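Notes for the one structure printed next.
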Amino acid sequence: MTDHSLTGKAVLIAGGAKNLGGLLATDLARHGARAVAVHYNSDAARVEAEETLAAIAAAGVKGFAFQADLTTASAMETLFEQAKAAMEGIDIAVNTVGKVLKKPMVEITEEEFDAMSAVNSKSAFFFLKEAGKHLNDHGKVCTLVTSLLGAYTPFYASYAGTKASVEHYTRAASKEFGERGISVTAIGPGPMDTPFFYPAEGADAVAYHKSAAALSPFSKTGLTDIADIVPWIRFLVSDGWWMTGQTILVNGGYTTK
């Protein structure tokens, strides 16, 4: 029988201080990881990073936190080097970093587009690059994208567009890293009940999203709950699971290959 285990694994989570990343960090610690390193972007997230470290420690696991702006290649390289040194290796790398903008294309400025591209696309590319350089053989990599990649909708051009490239990066990385037994996947949740979601939406849009899915009446808020995404990621990065080069669209109803 296949053992879907995390026992003894060292984990790095970009954006791992809070929200989905923080919950995932704590969950993997409780499911057998030997060490978990979380990244956070700004001083504003330091308190939440410390709270996540405390939860990791409560699970009897070593935790580490690193602050960095991951929109530069050098910062991403430094993050992986620091995490690798602290944990004496990296087995699992998960990237939850992202930025949302909901706005008509004709109103999006060059500055806004560049910011979206830097956070969603550039950082994902260099995350995968450094994962390919630093992960142990037979490692696991998972990146967050969006179910909007399977949608036909307005106003998310800069968000879904800059996440779309990550699908290709995922496939390319899976081909290039596969000879070392490294599995590379991406997961695209539907609208999630996090602080990441609400600032981008007006009241009418929030009400719509909370009722749009067939299963909305059965969730806590009508949106995807982050607690329901964590087990998917845990499964994708555990031993005995070798799906690679794939994007799982959660709450989108299908998987793209």
Please work out which residue is farthest from the chain's Cα centre (by Cα), limiting yourself to the stretch 130-141 and to residues that are assigned to a helix (DSSP H, G or I) and buried (at least 17 other Cβ atoms within 10 Å of the Cβ).
-> H134
Do you know which residues across the stretch 142-172 are within 15 Å of the chain's Cα centre (by Cα), within 14 Å of P189 (Cα to Cα) and of a type in the set (G, A, S)?
-> S147, A160, A164
Filter pass, L53 being buried (at least 19 other Cβ atoms within 10 Å of the Cβ), closer than 22 Å to T185 by Cβ and not polar (S, T, N, Q) = no
Every pair of residues 6+ apart whose Cβ atoms lie under 9 Å, when the first sits in the stretch 135-157 and is farther than 18 Å from D91 by Cα and in contact (Cβ under 8 Å) with a residue 60 or more places away in the chain while the second is among the aromatic types (F, W, Y) and surrounded by fewer than 23 Cβ atoms within 10 Å (Cβ to Cβ) = G150/Y254
If you check every pair at least six apart or on different chains, which have Cβ atoms under 6 Å apart with a residue in the stretch 161-187 that is more than 18 Å from S147 (Cβ to Cβ) and touching a residue at least 40 places away in the same chain (Cβ under 8 Å) first and a residue that is loosely packed, with under 15 Cβ neighbours inside 10 Å and hydrophobic (A, V, I, L, M, F, W, C) second?
-> S183/W242
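Can you name the residue in the stretch 31-80 that is of a type in the set (D, E) and in contact with a strand residue (DSSP E or B) (Cβ under 8 Å, 6 or more places away or on another chain) and, of all such residues, is modelled with the lowest pLDDT?
Just the residues of the stretch 31-80 that are of a type in the set (D, E), to begin with: 43, 48, 50-51, 69, 77.
Subsequent filtering for residues that are in contact with a strand residue (DSSP E or B) (Cβ under 8 Å, 6 or more places away or on another chain) retains 43, 48, 50.
Details: D43: 91, E48: 95, E50: 97.
Ranking the qualifying residues of the stretch 31-80, first place goes to D43.
Tally up the residues in the stretch 62-78 that are more than 10 Å from A37 (Cα to Cα) and surrounded by 21 or more Cβ atoms within 10 Å (Cβ to Cβ), please.
The first filter runs over the stretch 62-78 and keeps only residues more than 10 Å from A37 (Cα to Cα), leaving 67-78.
Narrowing the set further to residues that are surrounded by 21 or more Cβ atoms within 10 Å (Cβ to Cβ) leaves 70, 76.
Residues meeting the conditions: 2.
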Residue check for I92: within 19 Å of G21 (Cβ to Cβ), in contact with a strand residue (DSSP E or B) (Cβ under 9 Å, 6 or more places away or on another chain) and either of a type in the set (D, E, K, R) or modelled with pLDDT of 95 or more (or both) | yes
Scanning the stretch 52-99 residue by residue, the ones that are more than 16 Å from K133 (Cα to Cα) and among the charged types (D, E, K, R) total 3
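Which ranges mark the strands (runs of 3 or more DSSP E) fully within the stretch 1-100 that have 2 or more residues being β-branched (V, I, T)? Give the derivation first.
On the way: elements: 10-14, 35-40, 62-67, 92-95.
Strands (runs of 3 or more DSSP E) meeting the threshold: 10-14, 35-40, 92-95.
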Residue check, S42 against (1) buried (at least 16 other Cβ atoms within 10 Å of the Cβ); (2) over 23 Å from I182 (Cβ atoms), all met but one. Which one?
-> (1)
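The values are calculated or read from the model by the stated rules, or taken from the named source; none is laboratory data. Keep in mind that what you see is a predicted model, and the values were worked out from it rather than measured. In this analysis, Cβ positions are derived from the backbone assuming ideal geometry, glycine residues included, and neighbour counts consider all displayed protein chains.
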